[in-house]
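Chemist: One structure is given below, represented as structure tokens, and several questions about it will come after.
Computed from the coordinates by the stated procedures, all read-outs in this text should not be read as laboratory data. Note that the coordinates shown come from a computational prediction; the quantities given were computed from them, not determined experimentally.
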Ligand SMILES: Nc1ncnc2c1ncn2[C@@H]1O[C@H](COP(=O)(O)OP(=O)(O)OP(=O)(O)O)[C@@H](O)[C@H]1O
Ligand SMILES: [Mg+2]
């Protein structure tokens with residue numbers, strides 16, 4: 001059974017798809033056999049990859065490739081890790097994904113309304129952990145962070161004060177994230193490696209967090 005990591009947030013446009021694609025690349029670079037699962041009925045990842053020349057190094061599993069999440073779990077058996085992109089609303093789909101996941105990573109922009117929504121999503125995840133999947137770990141990752149503002153630190157403290165796990169790694173607001181998706185690539189070759197260093201820190205921290213949870 002692979003390690004299953006879901007990107008989840010009830011709001012749209014917070015960077016779920018961007019982080020799913022980049023984390024998939026990061027796990028591949030780190031030597032893991034990693035599947036990328038597009039569980040979003042919008043099919044963003046599937047459309048992007050199709051538009052930019054279906055990359056052979058991306059093991060993409062589309063929503064149409066499985067009927068049930070038991071079937072998905074079977075498809076994932078040959079992999080070490082699976083990264084799942086999910087839709088931007090609370091739904092049966094999300095419950096099913098989180099019921100088989102080991103980690104839910106919730107991207108959150110440093111803005112008050114996004115914080116409220118991230119807190120609600122984390123409560124929803126906690127309810128699924130309590131009732132269906134005791135092994136489910138969850139954490140917030142701050143994303144689209146504007147450099148050199150104290151505000152991000154305040155948002156971080158606010159989330160932590162509500163008892164939420166906030167990862168140390170954070171993702172900057174960089175055009176390279178959008179540009180790389182446009183090419184169907186990760187950010188590895190963009191930005192002189194600055195954005196990839198953020199993904200590297202995030203990947204390492206997720207692995208360490210999950211090890212700590214299971215040891
Ligand atoms: N770190 C970032 N810096 C700058 N732009 C970003 C960053 N992450 C994502 N974006 C851009 O923000 C937009 C939304 O990102 P993305 O599609 O990944 O969000 P999403 O949460 O998957 O949205 P949806 O819920 O609608 O599927 C895209 O245009 C993307 O290129
Ligand atoms: Mg998306």
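Chemist: Compute the relative contact order of segment 3-214 as a whole-number percentage, counting only Cα pairs closer than 8 Å that sit 6 or more residues apart in sequence. Please report the intermediate quantities before stating the final value.
Modeler: Numbers: 367 pairs, mean separation 51.0, N = 212.
Relative contact order here is 24 percent.
Chemist: Further, regarding this structure: Rounded, prolate or oblate for segment 1-55? Axes are the square roots of the Cα gyration tensor eigenvalues, ordered a ≥ b ≥ c, and the cut-off for rounded is a/c under 1.5. Spell out each step's value before the answer.
Modeler: On the way: a/c = 1.84, a/b = 1.20, b/c = 1.53.
It comes out oblate by the Cα gyration axes.
Chemist: Given a 10 angstrom Cα cut-off, can you work out which residue in 29, 71, 198 is the most mobile in a GNM of the chain?
Modeler: Result: 71 has the largest fluctuation of those listed.
Chemist: Distance between Cα centroids, segment 107-160 to segment 39-73: provide it in whole Å.
Modeler: Between the Cα centre of segment 107-160 and that of segment 39-73, the gap is 26 Å.
Chemist: Tell me what the chain gives for mean residue ellipticity at 222 nm when only DSSP H runs of n ≥ 4 count, each as -39,500 (n - 2.57), the sum divided by the residue total, rounded to 500 deg cm²/dmol.
Modeler: Working: 8 runs with 100 residues, N = 215.
Computed mean residue ellipticity for the chain: -14500 deg cm²/dmol.
Chemist: Here's something else I'd like to know. Taking springs between alpha-carbon atoms closer than 10 angstrom, which of 188, 74, 109 fluctuates most in the Gaussian network model of the chain?
Modeler: 74
Chemist: For residue 149 and residue 30 in one chain, what is 0.36 nm times their gap in residues minus the Cα-Cα distance, to one decimal in nm? Before the final figure, lay out each step's value.
Modeler: Numbers: separation 119, 0.36 × 119 = 42.84 nm, distance 3.18 nm.
Gain on extension, residue 149 to residue 30, equals 39.7 nm.
Chemist: Where is the GNM fluctuation largest for the chain (alpha-carbon springs, 10 angstrom cutoff): 102, 158, 24?
Modeler: The residue that fluctuates most here is 158.
Chemist: Taking 0.36 nm per residue of sequence separation and subtracting the Cα-Cα distance, how much length would be gained by fully extending the chain between residue 208 and residue 75, in nm to one decimal?
Modeler: 45.3 nm
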